[in-house]
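Q: Provided herewith is a single structure, encoded as C-alpha coordinates, for subsequent inquiry.
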Amino acid sequence: MRERSSPGTGAADRSTTGTRLPASAVPVAADVAIVEEDGRHRVTYRLPVPYFGILWAPLIARRARQVERAATAGEPLPTDTPWWAPPEPIDARASESLAALCLISLLWSYGGGTLSLLSLTLPYAADVYSVDNRGLATGLAVVRAGVLLALVLGPLADRFGRRRLVVTAAAAHCVLAAVLGLAPTFELYISGHVLLRCLDTALSIAIAVLVAEIVPAGSRAVALSLVGLAAGGGIVLGVMSLPLAAAGRGGFASVYLLQLLALPLVLHAARHVGESPRFVRHASEPHRYRDVIRGIYGRRLLLVGGASFLAAAFTAPTLEFTTRYLHDSHGFSSYEIVAFLAVTGLPSFPMLIVGGRLADVIGRKVVGIPLVALSALAYAGFYLAPEPFIWPLALAGAMLGSAGGAALAPYASELFATRIRAEAQTLTLVLAVAGSATGLALVSVLSGPLGLGPSIAVLAGLPLIALVAVAVGFPETARRDLDETSGERR
(Lines give C-alpha, C1' and ligand atoms only; values in the text may rest on other atoms or scores of the structure.)
Protein backbone atom coordinates (compact mmCIF):
# COMPACT_ATOMS: atom_id res chain seq x y z
CA MET A 1 0.00 0.00 0.00
CA ARG A 2 2.61 2.52 -1.05
CA GLU A 3 1.77 6.18 -1.28
CA ARG A 4 2.44 7.26 -4.82
CA SER A 5 1.91 9.88 -7.43
CA SER A 6 0.36 9.33 -10.79
CA PRO A 7 2.83 7.27 -12.92
CA GLY A 8 5.15 9.36 -15.02
CA THR A 9 5.10 12.37 -12.66
CA GLY A 10 8.27 11.71 -10.71
CA ALA A 11 8.79 10.60 -7.13
CA ALA A 12 5.76 10.02 -4.96
CA ASP A 13 4.73 12.77 -2.54
CA ARG A 14 2.65 12.25 0.52
CA SER A 15 -1.00 12.48 -0.45
CA THR A 16 -1.71 14.63 2.60
CA THR A 17 -0.27 17.64 0.69
CA GLY A 18 -2.26 19.57 -1.84
CA THR A 19 -6.02 19.70 -2.17
CA ARG A 20 -7.89 16.59 -1.07
CA LEU A 21 -10.20 15.15 -3.75
CA PRO A 22 -13.41 13.17 -3.25
CA ALA A 23 -13.36 9.39 -3.60
CA SER A 24 -15.25 9.60 -6.90
CA ALA A 25 -12.34 11.43 -8.54
CA VAL A 26 -10.01 8.42 -8.46
CA PRO A 27 -12.03 5.35 -7.39
CA VAL A 28 -10.38 2.56 -5.36
CA ALA A 29 -7.46 4.86 -4.44
CA ALA A 30 -7.19 6.43 -1.00
CA ASP A 31 -5.90 9.79 0.28
CA VAL A 32 -6.32 11.29 -3.18
CA ALA A 33 -5.00 14.85 -3.50
CA ILE A 34 -4.00 17.18 -6.30
CA VAL A 35 -0.96 19.46 -6.25
CA GLU A 36 -0.23 22.34 -8.62
CA GLU A 37 3.38 22.80 -9.71
CA ASP A 38 4.47 25.34 -12.33
CA GLY A 39 1.01 25.61 -13.80
CA ARG A 40 0.55 21.84 -14.06
CA HIS A 41 -1.36 19.53 -11.76
CA ARG A 42 -0.24 16.26 -10.27
CA VAL A 43 -2.45 13.72 -8.52
CA THR A 44 -1.11 11.79 -5.54
CA TYR A 45 -2.82 8.82 -3.98
CA ARG A 46 -2.39 5.60 -2.07
CA LEU A 47 -3.47 2.19 -3.36
CA PRO A 48 -4.95 0.24 -0.40
CA VAL A 49 -5.13 -3.09 -2.25
CA PRO A 50 -2.51 -5.59 -1.02
CA TYR A 51 -1.64 -8.61 -3.19
CA PHE A 52 -3.83 -7.54 -6.13
CA GLY A 53 -2.72 -3.93 -6.48
CA ILE A 54 -0.93 -4.68 -9.74
CA LEU A 55 -4.30 -5.41 -11.35
CA TRP A 56 -5.75 -2.03 -10.33
CA ALA A 57 -2.67 0.17 -10.71
CA PRO A 58 -2.86 0.79 -14.51
CA LEU A 59 -6.58 1.60 -14.35
CA ILE A 60 -6.17 3.97 -11.40
CA ALA A 61 -3.14 5.64 -12.99
CA ARG A 62 -5.12 6.26 -16.17
CA ARG A 63 -7.92 7.87 -14.17
CA ALA A 64 -5.39 10.01 -12.28
CA ARG A 65 -3.99 11.30 -15.59
CA GLN A 66 -7.52 12.21 -16.69
CA VAL A 67 -7.95 14.23 -13.51
CA GLU A 68 -4.59 15.94 -14.05
CA ARG A 69 -5.44 16.92 -17.62
CA ALA A 70 -8.85 18.26 -16.60
CA ALA A 71 -7.39 20.30 -13.73
CA THR A 72 -4.61 21.73 -15.88
CA ALA A 73 -7.11 22.72 -18.59
CA GLY A 74 -9.43 24.29 -16.04
CA GLU A 75 -12.22 21.82 -16.84
CA PRO A 76 -14.51 20.03 -14.34
CA LEU A 77 -12.89 16.97 -12.83
CA PRO A 78 -14.36 13.59 -13.87
CA THR A 79 -16.81 12.23 -11.32
CA ASP A 80 -18.34 9.35 -13.28
CA THR A 81 -17.85 5.80 -12.04
CA PRO A 82 -15.65 3.86 -14.49
CA TRP A 83 -16.57 0.31 -15.44
CA TRP A 84 -13.80 -1.19 -13.32
CA ALA A 85 -14.70 0.60 -10.08
CA PRO A 86 -17.24 -0.46 -7.45
CA PRO A 87 -20.62 1.25 -7.98
CA GLU A 88 -20.26 2.85 -4.53
CA PRO A 89 -16.76 3.76 -3.25
CA ILE A 90 -15.20 1.39 -0.71
CA ASP A 91 -13.02 3.02 1.94
CA ALA A 92 -9.34 2.21 2.35
CA ARG A 93 -9.65 -0.05 5.41
CA ALA A 94 -12.42 -2.09 3.84
CA SER A 95 -10.47 -2.34 0.57
CA GLU A 96 -7.44 -3.69 2.40
CA SER A 97 -9.52 -6.29 4.23
CA LEU A 98 -11.39 -7.23 1.06
CA ALA A 99 -8.15 -7.84 -0.85
CA ALA A 100 -6.77 -10.01 1.96
CA LEU A 101 -10.00 -12.01 2.13
CA CYS A 102 -9.82 -12.52 -1.63
CA LEU A 103 -6.33 -13.99 -1.27
CA ILE A 104 -7.47 -16.30 1.53
CA SER A 105 -10.43 -17.38 -0.63
CA LEU A 106 -8.12 -18.14 -3.53
CA LEU A 107 -5.83 -20.23 -1.35
CA TRP A 108 -8.39 -22.34 0.48
CA SER A 109 -10.55 -22.88 -2.61
CA TYR A 110 -7.77 -24.94 -4.15
CA GLY A 111 -8.51 -27.83 -1.81
CA GLY A 112 -12.07 -26.94 -0.78
CA GLY A 113 -15.02 -24.89 -1.93
CA THR A 114 -17.73 -25.54 -4.47
CA LEU A 115 -15.60 -27.35 -7.02
CA SER A 116 -12.99 -28.82 -4.71
CA LEU A 117 -10.24 -31.38 -5.20
CA LEU A 118 -12.77 -33.94 -4.02
CA SER A 119 -14.88 -33.20 -7.11
CA LEU A 120 -12.07 -32.57 -9.57
CA THR A 121 -10.15 -35.73 -8.73
CA LEU A 122 -13.22 -37.94 -8.63
CA PRO A 123 -12.17 -40.25 -11.51
CA TYR A 124 -8.71 -40.71 -10.01
CA ALA A 125 -10.05 -41.35 -6.52
CA ALA A 126 -12.21 -44.05 -8.10
CA ASP A 127 -9.09 -45.64 -9.56
CA VAL A 128 -6.99 -45.27 -6.41
CA TYR A 129 -9.68 -46.73 -4.13
CA SER A 130 -11.44 -49.00 -6.70
CA VAL A 131 -14.88 -47.40 -6.24
CA ASP A 132 -17.76 -47.43 -8.76
CA ASN A 133 -20.23 -44.62 -9.61
CA ARG A 134 -22.67 -45.61 -6.89
CA GLY A 135 -19.92 -45.69 -4.28
CA LEU A 136 -18.68 -42.29 -5.37
CA ALA A 137 -22.17 -40.79 -5.22
CA THR A 138 -22.69 -42.25 -1.76
CA GLY A 139 -19.34 -40.90 -0.59
CA LEU A 140 -20.14 -37.43 -1.90
CA ALA A 141 -23.47 -37.49 -0.11
CA VAL A 142 -21.75 -38.48 3.15
CA VAL A 143 -19.27 -35.61 2.78
CA ARG A 144 -22.21 -33.23 2.68
CA ALA A 145 -22.94 -34.30 6.25
CA GLY A 146 -19.90 -32.27 7.28
CA VAL A 147 -22.11 -29.22 7.24
CA LEU A 148 -23.95 -30.63 10.26
CA LEU A 149 -20.72 -30.33 12.23
CA ALA A 150 -20.54 -26.72 11.04
CA LEU A 151 -23.61 -26.06 13.16
CA VAL A 152 -21.13 -25.98 16.03
CA LEU A 153 -18.50 -23.80 14.31
CA GLY A 154 -20.76 -21.45 12.35
CA PRO A 155 -22.16 -19.50 15.31
CA LEU A 156 -18.62 -18.76 16.55
CA ALA A 157 -18.46 -15.97 13.98
CA ASP A 158 -21.43 -14.32 15.69
CA ARG A 159 -20.09 -14.88 19.19
CA PHE A 160 -16.32 -14.32 18.93
CA GLY A 161 -15.87 -12.40 15.70
CA ARG A 162 -15.77 -12.93 11.97
CA ARG A 163 -12.04 -12.29 11.63
CA ARG A 164 -10.97 -14.76 14.31
CA LEU A 165 -12.93 -17.58 12.70
CA VAL A 166 -11.65 -16.76 9.20
CA VAL A 167 -8.01 -16.90 10.24
CA THR A 168 -8.31 -20.01 12.41
CA ALA A 169 -10.42 -22.00 9.95
CA ALA A 170 -8.25 -21.08 6.94
CA ALA A 171 -5.08 -22.22 8.70
CA ALA A 172 -6.69 -25.46 9.86
CA HIS A 173 -8.00 -26.08 6.34
CA CYS A 174 -4.48 -25.94 4.87
CA VAL A 175 -3.20 -28.56 7.31
CA LEU A 176 -6.14 -30.94 7.07
CA ALA A 177 -6.48 -30.79 3.29
CA ALA A 178 -2.77 -31.51 2.88
CA VAL A 179 -3.03 -34.94 4.51
CA LEU A 180 -6.24 -36.17 2.87
CA GLY A 181 -4.51 -37.62 -0.17
CA LEU A 182 -2.53 -39.92 2.12
CA ALA A 183 -5.67 -41.68 3.37
CA PRO A 184 -5.13 -45.46 2.94
CA THR A 185 -8.81 -46.31 2.38
CA PHE A 186 -11.81 -44.69 0.73
CA GLU A 187 -13.62 -44.66 4.06
CA LEU A 188 -10.87 -42.61 5.72
CA TYR A 189 -10.63 -40.39 2.65
CA ILE A 190 -14.33 -39.58 2.87
CA SER A 191 -14.19 -39.16 6.66
CA GLY A 192 -11.40 -36.61 6.28
CA HIS A 193 -13.44 -34.73 3.72
CA VAL A 194 -16.37 -34.64 6.14
CA LEU A 195 -14.20 -32.76 8.63
CA LEU A 196 -12.80 -30.55 5.87
CA ARG A 197 -16.31 -29.68 4.68
CA CYS A 198 -17.17 -28.65 8.23
CA LEU A 199 -14.22 -26.25 8.35
CA ASP A 200 -14.85 -24.96 4.84
CA THR A 201 -18.51 -24.29 5.55
CA ALA A 202 -17.72 -22.20 8.61
CA LEU A 203 -14.90 -20.44 6.74
CA SER A 204 -17.00 -19.54 3.71
CA ILE A 205 -19.79 -18.21 5.93
CA ALA A 206 -17.44 -16.06 8.00
CA ILE A 207 -15.83 -14.59 4.88
CA ALA A 208 -19.17 -13.83 3.22
CA VAL A 209 -20.58 -12.21 6.36
CA LEU A 210 -17.44 -10.17 6.97
CA VAL A 211 -17.38 -8.88 3.39
CA ALA A 212 -21.09 -8.03 3.42
CA GLU A 213 -20.66 -6.04 6.63
CA ILE A 214 -17.55 -4.01 5.78
CA VAL A 215 -18.48 -2.74 2.31
CA PRO A 216 -21.12 -0.09 1.48
CA ALA A 217 -24.61 -1.14 0.42
CA GLY A 218 -24.16 -0.06 -3.20
CA SER A 219 -21.16 -2.37 -3.71
CA ARG A 220 -22.16 -5.41 -1.65
CA ALA A 221 -22.85 -7.77 -4.55
CA VAL A 222 -19.76 -6.81 -6.51
CA ALA A 223 -17.56 -7.21 -3.39
CA LEU A 224 -18.92 -10.71 -2.81
CA SER A 225 -18.33 -11.36 -6.51
CA LEU A 226 -14.66 -10.40 -6.14
CA VAL A 227 -14.34 -12.99 -3.38
CA GLY A 228 -16.04 -15.53 -5.67
CA LEU A 229 -13.70 -14.61 -8.51
CA ALA A 230 -10.70 -15.15 -6.25
CA ALA A 231 -12.13 -18.52 -5.20
CA GLY A 232 -12.37 -19.32 -8.90
CA GLY A 233 -8.63 -18.79 -9.08
CA GLY A 234 -8.22 -21.55 -6.53
CA ILE A 235 -10.39 -23.81 -8.65
CA VAL A 236 -8.16 -23.06 -11.66
CA LEU A 237 -5.15 -24.17 -9.64
CA GLY A 238 -7.00 -27.36 -8.77
CA VAL A 239 -7.81 -28.00 -12.43
CA MET A 240 -4.17 -27.46 -13.36
CA SER A 241 -3.20 -30.17 -10.89
CA LEU A 242 -5.33 -32.86 -12.59
CA PRO A 243 -2.52 -34.30 -14.75
CA LEU A 244 -0.53 -34.82 -11.54
CA ALA A 245 -3.54 -36.46 -9.88
CA ALA A 246 -3.78 -38.83 -12.84
CA ALA A 247 -0.19 -39.98 -12.36
CA GLY A 248 -1.03 -42.75 -9.91
CA ARG A 249 -1.13 -43.03 -6.16
CA GLY A 250 1.80 -40.69 -5.56
CA GLY A 251 0.42 -38.00 -7.83
CA PHE A 252 -3.00 -38.22 -6.19
CA ALA A 253 -1.44 -37.63 -2.76
CA SER A 254 0.76 -34.82 -4.08
CA VAL A 255 -2.10 -32.62 -5.28
CA TYR A 256 -3.43 -32.52 -1.73
CA LEU A 257 -0.01 -31.92 -0.15
CA LEU A 258 0.33 -28.78 -2.28
CA GLN A 259 -2.34 -27.14 -0.11
CA LEU A 260 0.20 -26.87 2.70
CA LEU A 261 2.15 -24.30 0.67
CA ALA A 262 -0.71 -21.85 1.18
CA LEU A 263 -0.37 -21.72 4.97
CA PRO A 264 2.32 -18.97 5.18
CA LEU A 265 0.36 -16.81 2.75
CA VAL A 266 -2.84 -17.25 4.75
CA LEU A 267 -1.08 -16.13 7.94
CA HIS A 268 0.40 -13.13 6.14
CA ALA A 269 -2.97 -12.10 4.70
CA ALA A 270 -4.53 -12.34 8.15
CA ARG A 271 -2.57 -9.24 9.20
CA HIS A 272 -4.56 -7.15 6.71
CA VAL A 273 -8.01 -8.40 7.74
CA GLY A 274 -9.93 -6.13 10.09
CA GLU A 275 -12.93 -7.03 12.22
CA SER A 276 -16.39 -5.93 11.17
CA PRO A 277 -17.40 -2.70 12.97
CA ARG A 278 -20.98 -3.88 12.74
CA PHE A 279 -20.10 -7.04 14.67
CA VAL A 280 -18.32 -4.99 17.33
CA ARG A 281 -21.43 -2.87 17.83
CA HIS A 282 -23.67 -5.93 18.27
CA ALA A 283 -21.21 -8.28 20.01
CA SER A 284 -22.96 -8.04 23.37
CA GLU A 285 -26.34 -9.11 21.99
CA PRO A 286 -27.57 -12.72 22.34
CA HIS A 287 -26.65 -15.17 19.58
CA ARG A 288 -29.06 -18.08 19.50
CA TYR A 289 -30.27 -20.43 16.76
CA ARG A 290 -33.79 -20.20 18.13
CA ASP A 291 -33.87 -16.52 17.18
CA VAL A 292 -33.23 -17.53 13.56
CA ILE A 293 -36.10 -19.99 13.34
CA ARG A 294 -38.77 -17.83 14.98
CA GLY A 295 -40.77 -14.84 13.79
CA ILE A 296 -39.83 -12.90 10.70
CA TYR A 297 -36.39 -14.49 10.49
CA GLY A 298 -37.91 -17.96 10.59
CA ARG A 299 -40.05 -17.11 7.57
CA ARG A 300 -37.05 -15.68 5.77
CA LEU A 301 -35.01 -18.77 6.60
CA LEU A 302 -37.72 -20.93 5.11
CA LEU A 303 -37.63 -18.93 1.87
CA VAL A 304 -33.85 -18.64 1.56
CA GLY A 305 -33.16 -22.16 2.81
CA GLY A 306 -35.91 -23.74 0.69
CA ALA A 307 -34.67 -22.04 -2.46
CA SER A 308 -31.10 -23.11 -1.62
CA PHE A 309 -32.23 -26.71 -1.07
CA LEU A 310 -33.90 -26.96 -4.47
CA ALA A 311 -31.08 -25.23 -6.32
CA ALA A 312 -28.39 -27.37 -4.69
CA ALA A 313 -30.22 -30.61 -5.50
CA PHE A 314 -29.41 -29.89 -9.14
CA THR A 315 -26.18 -27.89 -8.84
CA ALA A 316 -24.30 -30.41 -6.68
CA PRO A 317 -24.52 -33.43 -8.99
CA THR A 318 -24.07 -31.16 -12.01
CA LEU A 319 -20.70 -29.95 -10.74
CA GLU A 320 -19.56 -33.05 -8.86
CA PHE A 321 -19.94 -35.41 -11.81
CA THR A 322 -18.60 -33.20 -14.60
CA THR A 323 -15.17 -34.81 -14.76
CA ARG A 324 -16.59 -38.30 -14.23
CA TYR A 325 -19.17 -37.75 -16.99
CA LEU A 326 -16.54 -36.48 -19.43
CA HIS A 327 -14.23 -39.36 -18.55
CA ASP A 328 -16.79 -42.17 -18.74
CA SER A 329 -19.40 -41.00 -21.25
CA HIS A 330 -17.19 -39.13 -23.71
CA GLY A 331 -13.83 -40.83 -23.13
CA PHE A 332 -11.96 -37.64 -22.25
CA SER A 333 -8.39 -38.04 -21.00
CA SER A 334 -7.10 -35.98 -18.07
CA TYR A 335 -5.58 -33.43 -20.47
CA GLU A 336 -8.81 -33.20 -22.46
CA ILE A 337 -10.76 -32.67 -19.24
CA VAL A 338 -8.40 -29.84 -18.28
CA ALA A 339 -8.89 -28.26 -21.71
CA PHE A 340 -12.67 -28.62 -21.50
CA LEU A 341 -12.88 -27.12 -18.02
CA ALA A 342 -10.59 -24.27 -19.06
CA VAL A 343 -12.52 -23.42 -22.23
CA THR A 344 -15.96 -23.69 -20.66
CA GLY A 345 -15.14 -22.58 -17.13
CA LEU A 346 -12.67 -19.70 -17.31
CA PRO A 347 -15.08 -17.29 -19.08
CA SER A 348 -17.50 -17.76 -16.19
CA PHE A 349 -15.15 -16.08 -13.72
CA PRO A 350 -15.44 -12.51 -15.07
CA MET A 351 -19.19 -13.09 -15.30
CA LEU A 352 -19.22 -13.09 -11.50
CA ILE A 353 -18.22 -9.43 -11.59
CA VAL A 354 -20.71 -8.68 -14.36
CA GLY A 355 -23.55 -10.27 -12.40
CA GLY A 356 -22.56 -8.61 -9.13
CA ARG A 357 -22.24 -5.17 -10.69
CA LEU A 358 -25.56 -5.45 -12.53
CA ALA A 359 -27.23 -6.60 -9.31
CA ASP A 360 -25.89 -3.56 -7.44
CA VAL A 361 -26.87 -1.12 -10.18
CA ILE A 362 -30.14 -2.63 -11.49
CA GLY A 363 -31.43 -5.08 -8.89
CA ARG A 364 -30.98 -8.60 -7.52
CA LYS A 365 -34.08 -10.32 -8.88
CA VAL A 366 -34.33 -8.75 -12.32
CA VAL A 367 -30.76 -9.86 -13.06
CA GLY A 368 -30.46 -13.14 -11.15
CA ILE A 369 -33.71 -14.96 -11.93
CA PRO A 370 -33.54 -15.14 -15.76
CA LEU A 371 -29.82 -15.88 -15.80
CA VAL A 372 -30.04 -18.77 -13.33
CA ALA A 373 -33.04 -20.23 -15.20
CA LEU A 374 -31.16 -20.22 -18.51
CA SER A 375 -28.11 -21.72 -16.80
CA ALA A 376 -30.13 -24.67 -15.43
CA LEU A 377 -31.54 -25.41 -18.88
CA ALA A 378 -28.09 -25.20 -20.49
CA TYR A 379 -26.58 -27.61 -17.97
CA ALA A 380 -29.44 -30.04 -18.48
CA GLY A 381 -28.69 -29.93 -22.19
CA PHE A 382 -25.00 -30.57 -21.49
CA TYR A 383 -25.83 -33.89 -19.85
CA LEU A 384 -28.10 -34.94 -22.72
CA ALA A 385 -26.45 -33.63 -25.90
CA PRO A 386 -23.88 -35.42 -28.08
CA GLU A 387 -20.25 -34.31 -27.96
CA PRO A 388 -20.22 -31.42 -30.47
CA PHE A 389 -22.83 -29.59 -28.41
CA ILE A 390 -21.55 -30.18 -24.91
CA TRP A 391 -18.94 -27.43 -25.30
CA PRO A 392 -21.30 -24.46 -25.95
CA LEU A 393 -23.89 -25.79 -23.50
CA ALA A 394 -21.37 -26.11 -20.68
CA LEU A 395 -19.99 -22.67 -21.52
CA ALA A 396 -23.47 -21.09 -21.43
CA GLY A 397 -24.38 -22.89 -18.20
CA ALA A 398 -21.21 -21.74 -16.45
CA MET A 399 -21.32 -18.12 -17.62
CA LEU A 400 -25.02 -17.57 -17.00
CA GLY A 401 -24.91 -19.42 -13.69
CA SER A 402 -21.96 -17.37 -12.44
CA ALA A 403 -23.62 -14.06 -13.25
CA GLY A 404 -27.02 -15.11 -11.92
CA GLY A 405 -25.60 -16.65 -8.77
CA ALA A 406 -23.55 -13.54 -8.03
CA ALA A 407 -26.68 -11.41 -8.37
CA LEU A 408 -28.65 -13.48 -5.85
CA ALA A 409 -25.81 -14.37 -3.44
CA PRO A 410 -26.14 -11.28 -1.17
CA TYR A 411 -29.59 -12.35 0.03
CA ALA A 412 -28.09 -14.82 2.50
CA SER A 413 -26.47 -11.95 4.42
CA GLU A 414 -28.94 -9.17 3.77
CA LEU A 415 -32.10 -10.67 5.24
CA PHE A 416 -30.85 -11.43 8.77
CA ALA A 417 -29.73 -9.38 11.77
CA THR A 418 -26.05 -8.93 12.63
CA ARG A 419 -26.25 -10.92 15.87
CA ILE A 420 -27.55 -14.03 14.04
CA ARG A 421 -26.19 -13.45 10.52
CA ALA A 422 -23.60 -16.26 10.62
CA GLU A 423 -26.03 -18.62 12.33
CA ALA A 424 -28.67 -17.91 9.67
CA GLN A 425 -26.18 -18.58 6.91
CA THR A 426 -25.13 -21.80 8.62
CA LEU A 427 -28.72 -23.04 8.73
CA THR A 428 -29.19 -21.98 5.11
CA LEU A 429 -26.12 -23.98 4.14
CA VAL A 430 -27.39 -26.95 6.11
CA LEU A 431 -30.52 -26.88 3.97
CA ALA A 432 -28.44 -26.37 0.82
CA VAL A 433 -26.22 -29.30 1.68
CA ALA A 434 -29.28 -31.39 2.45
CA GLY A 435 -30.40 -30.50 -1.05
CA SER A 436 -26.99 -31.48 -2.41
CA ALA A 437 -27.12 -34.84 -0.64
CA THR A 438 -30.66 -35.37 -1.90
CA GLY A 439 -29.61 -34.62 -5.47
CA LEU A 440 -26.59 -36.91 -5.26
CA ALA A 441 -28.69 -39.67 -3.73
CA LEU A 442 -31.25 -39.32 -6.53
CA VAL A 443 -28.48 -39.56 -9.10
CA SER A 444 -27.15 -42.64 -7.35
CA VAL A 445 -30.57 -44.29 -7.63
CA LEU A 446 -31.43 -43.07 -11.13
CA SER A 447 -28.03 -43.57 -12.77
CA GLY A 448 -28.61 -47.32 -12.97
CA PRO A 449 -31.80 -47.33 -15.05
CA LEU A 450 -31.31 -43.95 -16.79
CA GLY A 451 -27.57 -43.46 -17.04
CA LEU A 452 -25.49 -40.72 -15.43
CA GLY A 453 -26.34 -37.88 -17.84
CA PRO A 454 -30.15 -38.24 -17.93
CA SER A 455 -30.32 -38.83 -14.17
CA ILE A 456 -28.76 -35.38 -13.62
CA ALA A 457 -30.69 -33.59 -16.37
CA VAL A 458 -34.03 -34.67 -14.98
CA LEU A 459 -33.33 -32.65 -11.83
CA ALA A 460 -33.17 -29.32 -13.72
CA GLY A 461 -36.75 -28.50 -12.81
CA LEU A 462 -35.82 -28.07 -9.14
CA PRO A 463 -33.90 -24.77 -9.47
CA LEU A 464 -36.71 -23.42 -11.65
CA ILE A 465 -39.12 -24.00 -8.76
CA ALA A 466 -36.64 -22.23 -6.46
CA LEU A 467 -36.62 -19.20 -8.76
CA VAL A 468 -40.39 -18.92 -8.46
CA ALA A 469 -39.95 -18.66 -4.68
CA VAL A 470 -37.31 -15.95 -5.16
CA ALA A 471 -39.54 -13.97 -7.52
CA VAL A 472 -42.56 -14.12 -5.22
CA GLY A 473 -41.10 -14.08 -1.70
CA PHE A 474 -37.80 -12.19 -1.76
CA PRO A 475 -37.64 -8.38 -1.36
CA GLU A 476 -35.40 -6.23 -3.53
CA THR A 477 -32.33 -5.31 -1.48
CA ALA A 478 -29.99 -3.58 -3.92
CA ARG A 479 -28.41 -0.37 -2.56
CA ARG A 480 -30.19 -0.76 0.79
CA ASP A 481 -28.31 -0.73 4.09
CA LEU A 482 -28.12 -3.95 6.10
CA ASP A 483 -30.04 -2.36 8.95
CA GLU A 484 -32.91 -1.79 6.53
CA THR A 485 -32.81 -5.10 4.68
CA SER A 486 -32.56 -7.11 7.91
CA GLY A 487 -35.17 -5.12 9.83
CA GLU A 488 -32.53 -4.49 12.47
CA ARG A 489 -32.44 -1.43 14.68
CA ARG A 490 -29.23 0.58 14.80
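The values are calculated or read from the model by the stated rules, or taken from the named source; none is laboratory data. Model, not experiment: these values are computed from the prediction. Cβ: placed from backbone, ideal geometry, glycine included. Neighbour counts: every protein chain shown. Quick note on the areas: whole protein, heavy atoms, side chains included, nothing else; ligands and nucleic acids left out. Shrake-Rupley method; radii C 1.70, N 1.55, O 1.52, S 1.80 Å.
Q: Compare the Cα positions of L464, L149, A253 along the charge dipole of the chain (+1 at Cβ of Lys, Arg; -1 at Cβ of Asp, Glu; about the Cα centre) and return the one farthest towards the positive end.
A: Working it through, the farthest residue towards the positive pole turns out to be L149.
Q: Restricted to Cα positions, what overall size does the range 352-490 have along the principal axes? Three whole-Å values, descending.
A: 56, 29, 23
Q: Would you kindly calculate the mean projected area, averaged across all directions, of the convex hull enclosing the Cα atoms of the range 66-215, in square nanometres?
A: Spelled out: convex hull of the Cα atoms, projected over all directions, averaged, 11.9 nm².
Q: Here is a follow-up. Applying the Karplus parametrisation 6.51 cos²θ - 1.76 cosθ + 1.60 with θ = phi - 60° to the phi angles of the range 415-431, what ³J(HN,Hα) value in whole Hz is obtained for each residue in order, glycine and proline being reported as x?
A: Taking θ as phi minus 60°, the curve returns 9, 10, 5, 4, 5, 10, 5, 5, 5, 5, 5, 4, 5, 4, 5, 4, 5 Hz for the range 415-431.
Q: Can you give the helix-only mean residue ellipticity at 222 nm for the chain, where every DSSP H stretch with n ≥ 4 adds -39500 (n - 2.57) and the sum goes over all residues, rounded to the nearest 500 deg cm²/dmol?
A: After summing the helix terms and dividing by the residues of the chain, the value is -21000 deg cm²/dmol.
Q: Note down the net charge around P76, summing +1 for each Lys or Arg and -1 for each Asp or Glu among other residues with Cβ under 15 Å from its Cβ. Don't skip to the end; give the middle numbers.
A: Working: positive: R63, R69; negative: E68, E75, D80.
Around P76, the charge tally is -1.
Q: Using a 10 Å cut-off on Cβ atoms, rank the peptides 259-267, 197-205 from the highest mean neighbour count down.
A: The most tightly packed comes first, giving 197-205, 259-267.
Q: In Å and whole numbers, how far do the C-alpha atoms of the chain stretch along each principal axis, longest first?
A: That gives 79, 51, 39 Å along the principal axes, largest extent first.
Q: On a 0 to 90 degree scale, rounded to 10, what angle separates helix 348-361 from the longest Cα axis of the chain?
A: 60
Q: Using only Cα atoms, locate the centre of the range 329-360 and the centre of the range 195-254, then give the distance between them in Å, rounded to an integer.
A: 15
Q: With θ taken as phi - 60° and the coefficients 6.51, -1.76 and 1.60, list the Karplus ³J(HN,Hα) couplings across the range 330-343 in order, rounded to whole Hz; mark glycine and proline as x.
A: Each residue's phi maps through the Karplus curve to give 10, x, 6, 7, 4, 5, 5, 5, 4, 5, 5, 5, 5, 5 Hz.
Q: Just the Kirkwood number for the range 256-408, please: inverse of mean 1/r across all distinct Cα pairs, in Å, one decimal.
A: Mean inverse Cα-Cα distance, inverted, gives 18.7 Å.
Q: What is the local net charge at A172, summed over the other residues whose Cβ is closer than 14 Å to its Cβ (Lys, Arg +1; Asp, Glu -1)?
A: +1
Q: Helix 295-320 against the longest principal axis of the chain: what's the angle in degrees, Cα atoms only, rounded to the nearest 10?
A: Approximately 60 degrees, to the nearest ten.
Q: For Cα pairs less than 8 Å apart in space and 6+ apart in sequence, what is the mean separation divided by the residue count of the chain, i.e. the relative contact order in percent?
A: Numbers: 894 pairs, mean separation 90.8, N = 490.
Computed value for the chain: 19 percent relative contact order.
Q: With θ set to phi - 60°, apply the Karplus curve 6.51 cos²θ - 1.76 cosθ + 1.60 along the range 400-407 and write out the HN-Hα couplings as whole Hz, x wherever there is a Gly or Pro.
A: 5, x, 5, 5, x, x, 5, 5
Q: Also, I was wondering about something else. Using only alpha carbon pairs under 8 Å that are at least six residues apart, calculate the relative contact order of the range 394-490 and give it in whole percent. Walk me through the numbers before you get to the answer.
A: On the way: 37 pairs, mean separation 37.2, N = 97.
Answer for the range 394-490 is 38 percent.
Q: Given a 1.4 Å probe and heavy atoms of the protein chains only, how would you sort L55, L310, L415, largest accessible area at the top?
A: The ordering from most to least exposed comes out as L55, L310, L415.
Q: So, one more: Using a 1.4 angstrom probe on the protein heavy atoms only, line up I293, I337, I235 by accessible area, largest first.
A: I293, I235, I337
Q: What does the charge count around V273 come to, taking other residues whose C-beta lies under 12 Å from its C-beta (Lys +1, Arg +1, Asp -1, Glu -1)? Each step should come with its number before you reach the end.
A: Numbers: positive: R93, R162, R163, R164, R271; negative: E96, E275.
After counting each charged neighbour, the total is +3.
Q: Can you give the percent of C-alpha pairs in the range 119-159 whose distance is more than 13 Å?
A: Beyond 13 Å sits 62 percent of the P(r) for the range 119-159.
Q: How much solvent-accessible surface does F382 expose, in Å² to the nearest 10, with a 1.4 Å probe and all protein chains in place?
A: The accessible area of F382 comes to roughly 0 Å².
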